[in-house]
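Worksheet: one structure, shown below.
The values are calculated or read from the model by the stated rules, or taken from the named source; none is laboratory data. Everything numeric here is computed off the predicted structure, so don't read it as measured data. Methodologically, a virtual Cβ is constructed for each residue, glycine included, from the backbone with ideal geometry; neighbour enumeration extends over all protein chains shown. Accessible surface areas use protein heavy atoms only, side chains included; no ligands, DNA or RNA. Shrake-Rupley method; radii C 1.70, N 1.55, O 1.52, S 1.80 Å.
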Amino acid sequence: DSDGVGHSRNVAAVGAAALPTSQAITSESGPVHPVRIEGAIDYGDSGARFGASRWGHVHEGQDVFGDSGTPLVAVRDAIVLETGSDGGRGNYVAIYNSAEDQTYVYLHLLRPSPLKRGEEVAAGTQVGAMGCTGSCYGTHLHFEVRLGRGVERKPIDPLPLLERWPQAPG
């Protein structure tokens with residue numbers, strides 16, 4: 001649910017009791033899946049996976065496909081490290097959760113994120129919308145998980161996490 005300014009209701013405001021048992025969130029601070037979508041989640045083919053060969057480098061995230069404008073949410077309580085727009089990443093936002101010591105990076109957002117560097121976000125809060133900005137080949141979220149604080153830290157395969165994380169209530 002959006003307040004009309006790009007902020008969505010915190011998962012805690014809804015509570016785990018409102019979710020089906022299969023999607024119960026055990027912690028108000030997350031994790032939740034970064035894409036708020038009805039139905040099955042589309043992770044694409046092998047080219048969309050972490051480690052896939054990409055024009056002289058290796059794909060460092062997992063692509064998640066959906067419709068343009070699909071809400072993207074903070075996977076955990078976090079602080080905004082970086083937002084911006086460039087030719088490769090398009091519109092992007094990176095958030096950091098100190099409890100997990102992980103940075104979560106969202107690329108190709110439809111519009112620049114309304115969040116500002118240093119802002120705290122709660123798990124389930126909208127951070128942007130799915131798009132195809134920068135170097136991309138169709139509407140999707142390129143999602144990265146990096147060990148430690150910062151977008152230059154070592155990436156890990158996010159798919160095993162994404163497949164376990166429940167949907168945030170919409």
message = Against the definition (within 13 Å of the chain's Cα centre (by Cα) and either of a type outside the set (A, V, I, L, M) or not in a loop (DSSP other than H, G, I, E, B) (or both)), how does SER113 come out, yes or no?
response = yes
key: Residue ID - nearest to the chain's Cα centre (by Cα), chosen from residues in segment 116-141 that are at pLDDT 95 or above and under 22 Å from GLY47 (Cβ atoms)   = LEU141
remark   = Selection from segment 87-110 of residues out of contact with any strand residue (DSSP E or B) (no Cβ under 8 Å at 6 or more places or on another chain) and either closer than 21 Å to ARG153 by Cβ or part of a strand (DSSP E or B) (or both) yields GLY88, ALA99, GLU100
note = Of the residues in segment 41-79, those that are assigned to a loop (DSSP other than H, G, I, E, B), of a type in the set (A, V, I, L, M) and modelled with pLDDT of 90 or more number 3
inquiry  = Go through segment 28-70 and report how many residues are within 13 Å of ALA168 (Cβ to Cβ) and open to solvent by less than 40 Å² (accessible area, probe 1.4 Å).
reply    = 8
ask   = In segment 128-150, which residues are more than 14 Å from GLY90 (Cβ to Cβ) and either open to solvent by less than 30 Å² (accessible area, probe 1.4 Å) or without any contact (Cβ under 8 Å) to a residue 40 or more places away in the chain (or both)?
value = VAL145, ARG146, GLY148, GLY150
key: Test for GLY4: is it touching a His at 6+ places or on another chain (Cβ under 8 Å), modelled with pLDDT under 85 and not in a helix (DSSP H, G or I)   = no
note = Of GLU82, GLU163, the only residue that is of a type in the set (Asp, Glu) and either in contact with a strand residue (DSSP E or B) (Cβ under 9 Å, 6 or more places away or on another chain) or open to solvent by less than 10 Å² (accessible area, probe 1.4 Å) (or both) is GLU82
request  = Those residues that are more than 24 Å from GLY69 (Cβ to Cβ), assigned to a loop (DSSP other than H, G, I, E, B) and in contact with a strand residue (DSSP E or B) (Cβ under 6 Å, 6 or more places away or on another chain), I need them from segment 116-149; list them, please.
outcome  = ARG117, ARG149
key: Members of segment 151-160 that are open to solvent by 30 Å² or more (accessible area, probe 1.4 Å) and not in a strand (DSSP E or B)   = GLU152, ARG153, LYS154, ASP157, PRO160
inquiry  = Looking at segment 151-170 only, could you name the residues that are closer than 19 Å to ARG89 by Cβ, more than 14 Å from the chain's Cα centre (by Cα) and not charged (D, E, K, R)?
reply    = PRO155, ILE156
task = Look at ALA168 and say whether it is open to solvent by less than 40 Å² (accessible area, probe 1.4 Å), modelled with pLDDT under 95, in a loop (DSSP other than H, G, I, E, B) and in contact with a Gly (Cβ under 8 Å, 6 or more places away or on another chain).
result = yes
task = Specify the residue that is nearest to VAL75 (Cα to Cα); the eligible residues are those in segment 99-114 that are surrounded by fewer than 23 Cβ atoms within 10 Å (Cβ to Cβ) and free of Cβ contacts under 8 Å to residues at least 40 places away in the same chain.
result = GLU100
